[in-house]
1. Gap in Å between the Cα centre of the range 139-218 and the Cα centre of the range 70-97?
2. Kindly provide log₁₀ I(q)/I(0) values, in the same order as q = 0.13, 0.23, 0.26 Å⁻¹, from the Debye equation applied to equal alpha-carbon scatterers of the range 230-303.
3. Where does the range 134-220 land on Rg(C-alpha)/(2.2 N^0.38 Å)?
4. Fully extended, how many nm does the chain gain between Arg455 and Ser89 (0.36 nm per residue separation, minus their Cα-Cα distance)?
5. Rg (Å, one decimal) plus Dmax (Å, integer) for the alpha carbons of the range 1-128?
6. Let's test this: bin the Cα-Cα distances of the chain at 10 Å from zero up to the farthest pair and state each bin's percent.
7. Packing-wise, with mean Cβ within 10 Å as the measure, how do 404-417, 236-249, 269-282 rank, highest first?
8. Over the range 372-476, how many percent of alpha carbon pairs lie in each 10 Å bin up to the one with the longest distance?
Amino acid sequence: MEKKKIFIYDTTLRDGTQCEGVSFSVAAKLRLAEKMDSFGVDFIEGGWPGSNPRDMAFFEKARALKLQNAKISAFGSTRRAGISAEEDSQLALLVEAETPYVTIFGKTWLLHVTEIIRTSPEENLKMIEESVAYLVSKGRKVIYDAEHFFDGYKDNPDYALETLEAAKRGGAEFVCLCDTNGGTMPDEFASIVGIVVERMGDIPVGVHCHNDCGLGVALSLSGVKSGASMVQGTFNGLGERSGNANLTTIIPNLVLKFGLEVECAKNLKKLRDLSLFVDEMANLRSDTHQPYVGSSAFAHKGGVHADAANKAKRSYEHIDPALVGNKTRVLVSDMSGRASIMMKARELGVDVNSKDPSIKKFLDELKSLEFRGYEYEAADASFSLLLSKFLKKGHDHFAVRGYRVIVERDEMARTTKSEATVKLEISGTVEHTVAEAHGPVAALDLALRKALVKRFPEVKDIELADFKVRILDSEAGANAVTRVQVETKDSSGEVWGTVGASDNIIVASWEALKDAVEYKLAKDI
């Protein structure tokens, strides 16, 4: 492909907030804008002035941001039918937002012109041209989003192109073709974009795709190959319905696969960090299977794959994970071989001699445990403790004498409380503690740390971050084996996973909690 500059236009703060379950506070939007700017995003769509108080507050505070690269854009629509641009309150709010760029959308599809906004095709063209011209006269640079462009083009190509010409006459700096319904196929998409690029001449063309057919990324890349020089999307693909085109995937493809000039190319190693930050601000669990940035994107489970990747990484990795801030991971399971164990040990910093006979015994034990319900793919801490035990490279900091949990329900008062008793032996001394909480797991956790804290004050630094329960053999009903996976974190931000499995959920939970504390002590002492 010809080397050319591709502009990245982010709409996470506006289109992304239409994702079910996502809502950014003003403070979160400001932090995201700064993070995206430092990454090298060219345009940040901040919201729709007038649609809600939060977006208005964002634009007021965004004026104080010292952005180095990105241009903030306010989003809105063309003027209403039957009134002048000067009379339209929505256009006035776009001007009041005081952003250097304004993005407005207009109708392309005659179905929307006649049936939705119920005006004439001629009036719609005037609405587009006059709205763009009005904003330009107020000193704003305008990006024109042609809503439902591909549906409109397939219905009436001449009229669809006329709407773009209207925006061009008004003085638009970019025209962007929106696959608003997300239903266009790649071959027709590429053909239409190519026609528009030729028609627009010196006016750069952008693409804005939705993922309703699972093609948002593919269509965006197809648009670039057909001549588009702007890609609109959201980080992590946030958006209504099935989401928007995912910039987290598009950007590395543009840089690493197409070799195109993208401003954020120099910061590509920060991509995974940005992806995780967006999910954190959105209060979402990260998709571990996301291309490039997911924790599973460069994870190897099968023994043959792990062995091959150990000998030549590119045999099973299409890029160096470090290029996007990720890393190779080896997953251990009953599919693992000696090579997987060796690689995983090195990943965890455990020194292993490949000829050590303990490795064979450990592998047999690992497969036996997996058969009984344990799973170590997301429990590196439990795996590390188990391996160290077999290699005799570590020691238990405490021995468990016993534990007990009592759950009491008062139906009259509609209250529940749990009491846990834990008895540990630490350096020859028995610690016998009791703790109360609403739930039995919380009570066990408190009692365990209460027993340890005098000898190991480090346990005050940890807290339960996540707790997952899975029933493994559901046909056994209430007697089914339960797997509990726990994530624990400390003040440094480190998170580690542990696992327990039993036909008793309390026993499974205790095993995971105990490993979490033991790992912390093994790591710090």
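1. Cα centroid of the range 70-97 versus Cα centroid of the range 139-218: 21 Å apart.
2. Per q value, in the given order, log10 I(q)/I(0) is -0.40, -1.12, -1.31.
3. Details: Rg = 13.0 Å, N = 87, 2.2 N^0.38 = 12.0 Å.
Relative to the 2.2 N^0.38 Å estimate, the range 134-220 comes out at 1.08.
4. Values: separation 366, 0.36 × 366 = 131.76 nm, distance 6.78 nm.
Contour length minus the Cα-Cα distance gives 125.0 nm.
5. My reading of the Cα-based Rg and Dmax gives 16.4, 46 Å.
6. Reading upward from the zero bin: 4, 16, 22, 19, 15, 13, 9, 3, 0, 0.
7. Details: 404-417: 10.7, 236-249: 24.0, 269-282: 19.4.
For the peptides 404-417, 236-249, 269-282, the packing ranking is 236-249, 269-282, 404-417.
8. Pairs per bin, as whole percents: 12, 30, 39, 15, 3, 0.
The values are calculated or read from the model by the stated rules, or taken from the named source; none is laboratory data. All values reported here derive from a predicted model rather than from experimental measurement. Every residue, glycine among them, receives a Cβ derived from its backbone with ideal geometry; neighbour counts consider all protein chains shown. Please note that ligands, DNA and RNA were not included when accessible areas were found on the heavy atoms of the full protein model with its side chains. Shrake-Rupley method; radii C 1.70, N 1.55, O 1.52, S 1.80 Å.
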